[in-house]
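Contents: one structure, followed by commentary.
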Amino acid sequence: MLPIKPLIILIMCLAGLAPLQAETNGKKVLDNAAAKIRKSGDIKAEFTATTFAGTAEQGSTSGTMLLQGKKFQLNTPEMTTWYDGNQEWCYVPETDEVNLTIPTEKEMQAVNPYAFLNVYKKGYNITMRESTLRGEQTYEVHLLARNASYAAHEIYVDVRRSDYSLMCIRVRQDKDWHRISIHSVQGGQKFQESDFVFPKEKYPTAEIIDLR
C-alpha cells in the first residue's frame, strides 16, 4: 500500500544572462499554469501517485482528487482523505479507522499536486527546459530550494506546452521522491463545503483517532 503522506541537487554555475533568462521563463510558465488552475474553479482530477526511497519505487496508487482552493478530497483504493484547509481526516477501510490531524506543509506538498501554487514564487532557484512527457511536448520547470530547511528541497513541474495544463509534479523531501501524474482534469465543478469534511454518518463504525 502506498503511504499517501510519506507530496540531484542542481548547482547553477553559469554566469551572465542565461540563468536569469531561464528563471524568468520558468516562472512565467508556472504563472501561466497557476492562472489556468485558478480560472478553472473547482476541479476534479484523476491521478497516479508514486513514492520512491531514493530512486527505488516503494508503491503506487491511482485515484481521484476534488479540489477547491486549499481544500481537497482524495480517493484511492487504500484511503480516502478529506482536508478542509486546516484539518485532515484519513480513512483506511482495512482498519475502519480515521486519523484526524493538522498536516504540515511538508505533508501537503507530498500529497497535493497543486501545492506548488503557494511555494514557487519565493525561495527557489528556477530553471526550465523543453521536454516531452507521455508523447506530448512539455515545459519541465525545475525548482531548487535556496534553504535546506524548506519542506520541499527540489520540485519538477511538467506543464503541457500547448495549453499550460499541469501534467506531473515530482517533489524531493530529503532523499525521497514523491511523483503525482495528472491524467485528466475537469474544471468548473461545483463542490460543497461538506465534500471536504469527514462524513461521520457514512462511516458509523469507524474509530476516529485524534492526533492533533
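Results, tabulated for the structure shown:
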quantity	calculated
Answer from Gly54, Gly69 - the residue that is out of contact with any strand residue (DSSP E or B) (no Cβ under 6 Å at 6 or more places or on another chain), modelled with pLDDT under 90 and closer than 20 Å to Trp177 by Cβ	Gly54
Residue in the range 140-150 that is modelled with pLDDT under 95, in contact with a Cys (Cβ under 8 Å, 6 or more places away or on another chain) and not small (Gly, Ala, Ser) present	no
Residue within the range 138-158 that is under 18 Å from Thr51 (Cβ atoms) and touching a His at 6+ places or on another chain (Cβ under 7 Å) present	yes
Residue within the range 134-141 that is buried (at least 17 other Cβ atoms within 10 Å of the Cβ) and either under 25 Å from Tyr83 (Cα atoms) or among the acidic types (Asp, Glu) (or both) present	yes
Count - residues of the range 82-105 that are over 14 Å from Ile209 (Cβ atoms) and either assigned to a strand (DSSP E or B) or touching a strand residue (DSSP E or B) at 6+ places or on another chain (Cβ under 6 Å) (or both)	5
Hits in the range 116-133 - residues which are surrounded by fewer than 21 Cβ atoms within 10 Å (Cβ to Cβ), assigned to a strand (DSSP E or B) and out of contact with any His (no Cβ under 7 Å at 6 or more places or on another chain)	Asn125, Arg129, Glu130, Ser131, Thr132, Leu133
Failed item, numbered, when Ile209 is tested on (1) exposed (fewer than 12 other Cβ atoms within 10 Å of the Cβ); (2) over 20 Å from the mean Cα position of the chain (by Cα)	(1)
The listed residue being part of a helix (DSSP H, G or I), out of contact with any Gly (no Cβ under 6 Å at 6 or more places or on another chain) and crowded, with 17+ Cβ neighbours inside 10 Å, out of Asp158, Asp195	Asp195
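The values are calculated or read from the model by the stated rules, or taken from the named source; none is laboratory data. Computed from a predicted structure; not experimentally measured. In this analysis, Cβ positions are derived from the backbone assuming ideal geometry, glycine residues included, and neighbour counts consider all displayed protein chains.
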